[in-house]
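> Once you've had a glance at the structure underneath, I'll fire off some questions.
The values are calculated or read from the model by the stated rules, or taken from the named source; none is laboratory data. None of these values were measured; they are calculated from a predicted model. Cβ sites come from the backbone with ideal geometry, for glycine too, and all protein chains shown count toward neighbours. Protein only, heavy atoms only, side chains kept; ligands, DNA and RNA dropped before computing areas. Shrake-Rupley method; radii C 1.70, N 1.55, O 1.52, S 1.80 Å.
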Amino acid sequence: MTQPVSPPRDSTDKVPSTGQLPAWRTTVARADVRTLSLLGVLAALIVVGGITKPDEFLDTRNLQLVLTQGSVIGVVTVGMTFVIMSGGIDLSVGAIVALASVWATTVATQEYGFAGILFTAVLVGVGCGLVNGLLIAYGGMVPFIATLAMLASARGLALQITDGATQIVTIDSVLDLGERDAYILGIPPLVLVFAVVTIIGWLILNRTTFGRRTVAVGGNAEAARLAGIDVRRQRLYLYLLSGLCCGIAAFLLIILSGSGQNTNGNLYELDAIAAAIIGGTLLSGGRGTIVGSVLGVLIFTTITNIFALNNLQSDVQQIAKGAIIVAAVLVQRRTASTT
Amino acid sequence: MAPEPPLLSMSGITKSFPGVRALDGVDLDVQAGEVHCLLGQNGAGKSTLIKVLAGAHQPDDGTISWRGEPVTLRSPIVAMRLGIATIYQELDLVEHLSVAENVHLGHEPTAAGFVVRGKAAKASTAALLKRLGHPEVEPGRLVGELSAAQQQIVSMARALSHDVRLIVMDEPSAALDPEEVDNLFRIVGDLTADGVAVVYISHRLEEIRRIGDRVTVLKDGRAVAGGLPAKSTPTREVVALMTGRNVEYVFPERPATPRDADVAPVLEVQGLAREGEFAPVDLTVRPGEIVGLAGLVGSGRSEILETIYGARKPTAGQVIVGGSVLRPGSVRAAVRAGLGLAPEERKAQALLMLESVTRNVSVSSMSRFARGGWIDRGAELGAARAATRELSLRPDNPSVPVRTLSGGNQQKAVLARWLLRGCRVLLLDEPTRGVDVGARAELYAVIRRLADEGLAVLLVSSEVPEVLGLADRVLVLREGQVVHTAPARELDEHRVLDLVMEGAPVASASSAVDSPAAGGRGPAS
């Protein structure tokens with residue numbers, strides 16, 4: 001270029017004066033508000049539990065139980081968060097957990113001991129995720145339909161394997177992990193796994209190219225494609241990831257219950273989706289956090305626990321959960337529209 | 001002229017969306033019984049204007065009067081009650097309902113307030129269809145089974161099922177055969193004879209001459225001409241209003257020495273074609289060269305660009321970058337070979353609106369900042385900052401969300417993406433669409449500087465002065481065919497406009513009643 005080398009630094013193309021820093025700050029503030037409000041809800045629940053049943057609820061054992069119970073669905077929710085953030089949905093998580101848990105506890109599998117159970121559970125989860133992913137990414141099926149079909153077939157296969165019977169685990173090393181006083185590094189094993197999965201999930205989402213691609217595909221799939229991202233392959237990986245989480249969750253459930261049943265993981269898909277939504281994940285994709293989803297899980301499990309301690313039936317629990325979902329989404333819509 | 005107030009009078013209509021001012025003080029007067037044509041390029045603001053008129057968008061500023069009374073079109077229902085009906089280009093019909101159900105959707109004839117009287121609905125639908133010249137359409141058939149033309153008739157019947165005073169038709173002829181267009185014009189004639197006003201949007205100038213009474217031309221969200229006589233305004237003048245400059249832009253100077261002809265082209269397109277969109281195209285772009293594609297909407301300019309990029313699969317021909325043939329229909333192959341696209345629809349096709357500038361810039365070269373998938377965010381931010389600074393993107397803070405940027409700066413973010421990726425060929429589709437007039441010169445300078453640094457640039461623009469001012473070489477397109485190639489210096493705006501319009505094939509079919517001056521050869525004003 002010969003003459004007007006670079007355009008004037010202070011050009012006319014300015015952001016309207018309201019933009020710039022304030023907009024940026026509100027974004028940060030809004031993310032914080034969301035997390036803080038979830039923490040606030042959790043704190044309020046703990047107060048309620050502490051007041052209504054001070055002795056039972058605040059007992060260390062009970063709090064451990066809350067976390068342990070939350071671990072299984074928590075691991076599933078981490079995978080679900082990724083899928084929803086990409087604009088997809090996985091309705092088959094509960095069924096995959098069931099199938100993985102029964103396949104991993106058949107007499108034949110148990111012959112291979114601890115490793116056999118763990119390996120099978122994970123492999124079945126990943127296998128189901130692979131089928132989901134291929135159907136959705138390369139078969140062009142809508143995620144809702146593909147995973148609905150998987151839900152039906154995986155449950156059916158689980159029933160076929162068990163014939164409705166509960167498969168008792170006889171491996172001591174597995175059962176030991178489910179004992180009340182089992183600790184690894186001073187943490188109950190299930191809670192430890194949940195924590196590790198959460199941390200790894202957070203790192204993948206926030207610190208890796210995989211996480212970036214997930215957000216890009218969910219935020220604007222066409223833009224992602226035109227930017228050179230392999231959208232289909234990314235979708236495949238995401239359902240694989242969800243399947244992997246289901247396999248891990250199935251293993252945790254085997255430890256927790258000492259058995260495998262075809263009724264395991266019933267309605268996990270709804271709990272996981274609900275937890276992710278409460279946590280601020282946009283159902284249309286492109287926005288969400290692992291921390292939010294995990295807080296969503298903890299809120300749900302805490303409610304269940306408080307209601308159980310207060311001898312309230314599960315119907316009341318369900319109604320409360322429904323109300324919380326509605327309230328959470330309404331609050332998020334408000335915070336989103338105030339900018 | 002009319003003693004009574006106009007049927008519709010919009011004045012000073014302003015509407016902004018984040019990052020772009022879609023309408024900037026538009027005036028529009030429509031008289032009862034007239035066909036008022038709305039002309040303008042893509043993005044000129046036509047869609048936004050008719051959405052305001054339909055009550056689907058609320059204007060930020062301006063007033064709307066209906067038969068002399070100020071009104072607020074709070075919602076589509078309010079507009080419909082006044083008698084304003086809109087037939088969108090993307091027909092808003094429910095495919096799985098019958099014709100009659102679609103026509104009466106939302107105002108079904110009922111008994112006892114809620115029982116739908118199906119027979120009455122069918123009878124009145126049949127009457128409407130007959131009036132529209134399509135008695136063969138069965139009111140009981142599913143809309144999804146009908147042809148595009150028939151669906152449009154259904155959409156029109158729905159409009160007429162209300163007590164309609166004004167019908168907005170958004171490119172109604174786009175999907176129609178010549179005979180169907182004739183029928184459409186007959187319908188429009190009948191409507192206006194009944195005193196109904198028609199706002200008619202089309203890119204086909206010869207149609208406007210045939211049925212239009214007056215023309216309003218929109219450009220960059222402004223009405224650059226209002227109420228011109230549709231039949232007597234010279235075509236060239238109308239096109240010049242649509243495509244011309246309304247500000248004297250400062251274009252950067254071309255390099256003093258023209259690019260060496262023996263530098264090997266980095267992009268070679270050989271016989272590339274897509275059936276029904278554009279005929280085989282040959283073109284080359286050398287490093288440092290800006291090649292422009294000029295043409296009206298529908299000339300195939302964007303399609304050519306997207307096909308080169310692999311976003312559409314060609315039916316013939318090949319694209320060669322740096323000597324190797326690209327896998328057809330693969331965006332990833334194109335990006336890997338060094339192509340970068342700044343698409344026409346920035347928000348829909350390029351930007352991740354929820355994300356920061358940094359992430360929008362780095363999205364195509366993430367792996368460069370990653371080891372084993374792990375992103376070095378410091379390096380990423382640094383690189384994004386360097387790239388955006390080089391383009392003087394404002395604000396100078398790549399952490400802000402991209403949606404808070406102005407149109408021009410959003411475009412710079414897209415350019416920075418490819419700059420960071422280190423691409424060799426930049427494909428620019430309407431690079432100044434939605435960019436404030438004041439910011440354009442700066443964007444032009446940026447594009448020229450990138451070319452001077454060795455990038456090959458292929459530019460598509462609907463604004464002829466933009467192509468002539470920025471490009472080194474220009475290919476003129478008409479109806480999917482390259483009709484002329486020449487250095488930009490040897491062309492002027494009038495010559496290009498003539499080429500763009502000259503003897504357009506559609507015109508030959510429908511310009512029988514038209515004056516022979518349609519080619520724009522007559523002395524312009």
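> Under 10 Å from the Cβ of residue B:376, count the other residues' Cβ atoms, weight Lys and Arg +1, Asp and Glu -1, and hand me the total. It would help to have the intermediate numbers written out before the result.
Details: positive: A:207, B:368, B:371, B:377; negative: B:380.
For residues surrounding residue B:376, the net value is +3.
> Tilt of helix B:407-421 relative to the longest C-alpha principal axis of chain B, in degrees (0 to 90, nearest 10)?
Helix B:407-421 and the main axis of chain B meet at about 40 degrees.
> Moving on to the next point. When the dipole is taken about the Cα centre of chain B, and only Lys, Arg (+1) and Asp, Glu (-1) are charged at their Cβ, what size is it in debye, to the nearest 20?
For chain B, the charge dipole is close to 1460 debye.
> Of A:256, A:243, A:143, whose Cα points farthest to the positive end of the dipole of region A:60-337 (charges on the beta-carbon: +1 Lys, Arg; -1 Asp, Glu; origin at the Cα centre)?
A:143
> Taking the 0 to 90 degree range and rounding to the nearest ten, how far is the long axis of helix B:148-161 tilted relative to the main principal axis of chain B, both from C-alpha atoms?
For helix B:148-161, the angle is close to 50 degrees.
> Oh, and also: In whole Å, what is the distance between the alpha-carbon centres of region B:316-372 and region B:439-502?
Centre-to-centre distance over Cα atoms comes out at 23 Å.
> Now for a different question. Would you tally the net charge around residue A:321, using a Cβ to Cβ cut-off of less than 15 Å, leaving residue A:321 out, and scoring K and R as +1, D and E as -1?
Net local charge, residue A:321 excluded: -3.
> Give me the residues in region B:396-444 whose solvent-accessible area, probe 1.4 Å, is reduced by at least 50 Å² once all protein chains are included instead of the chain isolated.
The answer is B:404, B:442.
> Another one. In whole Hz and in residue order, list the ³J(HN,Hα) couplings for region B:217-233 that follow from phi through the Karplus curve 6.51 cos²θ - 1.76 cosθ + 1.60, θ = phi - 60°; x for Gly and Pro.
9, 9, 8, 6, x, 10, 7, 7, 8, x, x, 5, x, 5, 8, 10, 6
> A further question follows. What FRET efficiency, computed as 1/(1 + (r/R0)^6) with R0 = 35 Å and r the Cβ-Cβ distance, is obtained for residue A:323 and residue A:166, rounded to the nearest 0.05?
It comes out at approximately 0.55.
> Then there is this: Residue B:177 label point, 7 Å along Cα→Cβ, cut-off 18 Å on backbone N: hits in region B:131-154?
B:133-138, B:145-154
> Continuing with the same structure: Per DSSP H run of n ≥ 4, the term is -39500 (n - 2.57); total these for chain A, divide by its residue number, and report the mean residue ellipticity at 222 nm rounded to 500 deg cm²/dmol.
-24000 deg cm²/dmol
> Taking a point 7 angstrom from the Cα of residue B:270 along the C-beta vector, which residues in region B:312-337 have backbone N less than 15 Å away?
From region B:312-337, the list is B:316-328.
> Could you tell me what a quarter of the Cα convex hull surface of region A:60-337 works out to, in nm² with one decimal place?
For region A:60-337, the mean projected area of the Cα convex hull comes to 15.1 nm².
> Continuing with this model, one more query. Between 0 and 90 degrees, rounded to the nearest ten: what's the tilt of helix B:178-193 against the longest Cα principal axis of chain B?
Tilt relative to chain B: about 50 degrees.
> Continuing with the same structure: Can you compute the charge dipole magnitude of region A:60-337 about its Cα centre, using +1 on each Lys and Arg Cβ and -1 on each Asp and Glu Cβ, nothing else charged? Give it in debye, rounded to the nearest 20.
The dipole of region A:60-337 has a size of about 1060 debye.
> Something else about it: Considering Cα pairs under 8 angstrom that are at least six residues apart, work out the relative contact order of chain B and quote it in whole percent.
Worked out over chain B, it gives 16 percent.
> Counting only trypsin sites (Lys or Arg not before Pro) that are in a DSSP loop and have at most 11 other C-beta atoms within 10 Å, tell me the longest site-free stretch of chain A.
Counting at most 11 other Cβ atoms within 10 Å as exposed, the longest clean stretch of chain A is A:10-179.
> If I take R0 = 30 Å and measure r between the Cβ atoms of residue A:330 and residue A:42 in this structure, what FRET efficiency does the formula 1/(1 + (r/R0)^6) give, to the nearest 0.05?
0.95
> Hey, quick one: spin label on residue B:332, modelled 7 Å out along Cα-Cβ, who in region B:415-434 has an amide N within reach, i.e. under 12 Å?
Answer for region B:415-434: none.
> Next question, about the same structure. Please name which of B:304, B:227, B:151 has its Cα lying farthest along the dipole of chain B towards the positive end, using unit charges on Cβ (Lys, Arg +1; Asp, Glu -1) and the Cα centre as origin.
Towards the positive end, the residue furthest out is B:304.
> Would you be so kind as to identify all helices of chain A, as entire DSSP H runs, whose Cα atoms reach 27 Å or more along the helix's own axis and whose mean Kyte-Doolittle hydropathy is at least 1.0?
TM-like helix candidates: A:20-52, A:60-85, A:113-133, A:143-162, A:231-257, A:290-309.
> Given the peptides B:291-300, B:387-396, B:410-419, arrange them by the average over their residues of other C-beta atoms within 10 Å, most packed first.
Values: B:291-300: 24.0, B:387-396: 20.6, B:410-419: 27.1.
The densest-packed peptide leads the list: B:410-419, B:291-300, B:387-396.
> Count charges around residue A:147 for me, please; just the other residues with Cβ under 10 Å from its Cβ, Lys/Arg as +1, Asp/Glu as -1.
Surrounding charge for residue A:147 is -2.
> Then there is this: Say each of residue B:194 and residue B:130 gets a label point 7 Å from the Cα, pointing the same way as Cα to Cβ; how far apart are those two points in nm?
1.4 nm
> Based on the Cβ-Cβ distance from residue B:397 to residue B:75, what FRET efficiency comes out when R0 is 51 Å, to the nearest 0.05?
Given R0 = 51 Å and the Cβ-Cβ separation, E is 0.85.
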